[in-house]
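The values are calculated or read from the model by the stated rules, or taken from the named source; none is laboratory data. Source: prediction; values computed, not measured. When we count neighbours, we look across all protein chains shown, and the Cβ atoms used for this are built from the backbone with ideal geometry, even at glycine.
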């Protein structure tokens, strides 16, 4: 993964920040390499076949076609 040179500021909830820190810390513990939040997010997005569908499910959306639940 490339190093972050030009970046953007993202606001995340404290709970999300803790999750990202936990993943980055576990990676460092296991493999001895530091990673950035950008590395973590990029890896998760690349490893997810359909990130939009996962987002929809996590946010409590409807069925797979995007229809709201009644």
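Observations on the model:
- Region 17-37 residues that are outside any helix (DSSP H, G or I), paired with ones that are at pLDDT 95 or above (beta carbon under 8 Å, 6 or more apart): 33/27; 34/24; 34/28; 35/24; 35/27; 35/28; 36/24
- Selection status of residue 12, under 14 Å from the mean Cα position of the chain (by Cα), outside any helix (DSSP H, G or I) and modelled with pLDDT of 90 or more: yes
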